[in-house]
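Worksheet for the structure shown next.
The values are calculated or read from the model by the stated rules, or taken from the named source; none is laboratory data. Keep in mind that what you see is a predicted model, and the values were worked out from it rather than measured. Every residue, glycine as well, gets a Cβ built from its backbone with ideal geometry; the counts of neighbours run over all protein chains shown.
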Amino acid sequence: MTKPAPQAYWQLNPENSGLVLGQVQLFLWAKGICIAGHNQEGKLIAARAYHTEDVYDLEALENIILNEPLLADSVPVRKIWMAVSRSIIVPNVLMDRVIIDDWIKELYFIEHDEELATSAAPDLDISIVYPKKKLLRQLMTRYFPERTSRFLISPYSLLKNFSRNTSRSVVIMLLESTCSITFFESGRLVHHHIMELERAEDLIVYIGNYWDEVGDVKEISGMVSGVSSRLSSIQSEILSYMPRFQMDFSAEHFLEELVKCA
């Protein structure tokens, strides 16, 4: 029996009324997908995000693609962003694909149905190597032949601009049941991690353990953005622990910054 397409857990302009799309981008993670439609100037005009029960559920993803009104137009999808938990981040000056492929195979077990991909983050002067499912690539190629797949840490413009402000900062990207945490020290990216998220306290503990010499997490600055049905509540919880965090970043702002990335 074919699975029904999941219902959107978050959406902007659900009626899609009077929309003239200039570009569409996808944002994909292990248990979810977000489709964002922008006008020619890059302004976000409609979006929907879906959660799947299984990891990289190809049947559910295909049903979403076939039933999503934002993908029914003739506007091609040219960019697909992927948030992947297993990855290594390498400064571009050290980038050697053969060596890096060996490194990631030392760190992670690469399944027989996976292949390694490389994505550049030019604004941060780094590259990311990560495994992705071959069948997932084939699915994306079938429906979006003109797309470019990119690894997503967080919108690079947000990361770069925010990380300049303080000696130690943390950028958190919330997704449904998942989040990524990116650590900066004196404007330099030093660590990136993706984890399952049940409670805001889990984030606080991880940040405190990583920078245990800080002593008091209240001294750490940061920001929280993303596309999650719990975005506002988790932002409020984090703010109670970390008062120097910025919380005025909505899902709409997150997606508008994302489309600006190279």
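Things to note:
- Residue among Glu15, Glu41, Glu59 that is more than 30 Å from Leu124 (Cβ to Cβ), at pLDDT 80 or above and of a type outside the set (Lys, Arg): Glu59
- Comparison of Ala72, Ala5, Ala36, Ala83 shows that the only residue that is among the aliphatic types (A, V, I, L, M), within 21 Å of Arg142 (Cα to Cα) and free of Cβ contacts under 8 Å to residues at least 12 places away in the same chain is Ala72.
- When segment 110-151 is limited to residues that are assigned to a helix (DSSP H, G or I) and loosely packed, with under 14 Cβ neighbours inside 10 Å, the one that is farthest from the chain's Cα centre (by Cα) turns out to be Arg142.
- Each residue in segment 87-134 was checked for being of a type in the set (Lys, Arg), farther than 21 Å from Cys34 by Cβ and at pLDDT 85 or above, and 1 of them qualify.
- Checking Ala8 against (1) over 14 Å from the mean Cα position of the chain (by Cα); (2) modelled with pLDDT under 90; (3) of a type in the set (Gly, Ala, Ser), the condition it does not meet: (2)
- Unmet requirement for Ala49, which otherwise passes all of (1) of a type in the set (A, V, I, L, M, F, W, C); (2) in a loop (DSSP other than H, G, I, E, B); (3) at pLDDT 85 or above: (2)
- Search result, residues across segment 220-237 that are of a type in the set (Ser, Thr, Tyr) and either crowded, with 22+ Cβ neighbours inside 10 Å or not in a strand (DSSP E or B) (or both): Ser225, Ser228, Ser229, Ser232, Ser233, Ser236
- One residue alone among Ile35, Ile99 is touching a Leu at 6+ places or on another chain (Cβ under 8 Å) and not assigned by TED's automatic domain parsing to the domain that holds Thr178, and that residue is Ile35.
- Residue match in segment 72-84 (condition: outside the structural domain of Tyr130 (by TED's automatic domain parsing), farther than 14 Å from Ser127 by Cα, surrounded by fewer than 17 Cβ atoms within 10 Å (Cβ to Cβ) and within 22 Å of the chain's Cα centre (by Cα)): yes
- Applying the condition of being free of Cβ contacts under 8 Å to residues at least 60 places away in the same chain and touching a Leu at 6+ places or on another chain (Cβ under 6 Å) to segment 39-69 and asking which residue is surrounded by the fewest Cβ atoms within 10 Å (Cβ to Cβ) yields Ile45.
- Meets criteria (in contact with a Gly (Cβ under 7 Å, 6 or more places away or on another chain) and either under 23 Å from Tyr50 (Cα atoms) or at pLDDT 85 or above (or both)) for Phe183: no
- Among (1) more than 30 Å from Ile45 (Cα to Cα); (2) in contact with a strand residue (DSSP E or B) (Cβ under 8 Å, 6 or more places away or on another chain); (3) hydrophobic (A, V, I, L, M, F, W, C); (4) at pLDDT below 85 - the single one Met242 does not satisfy: (4)
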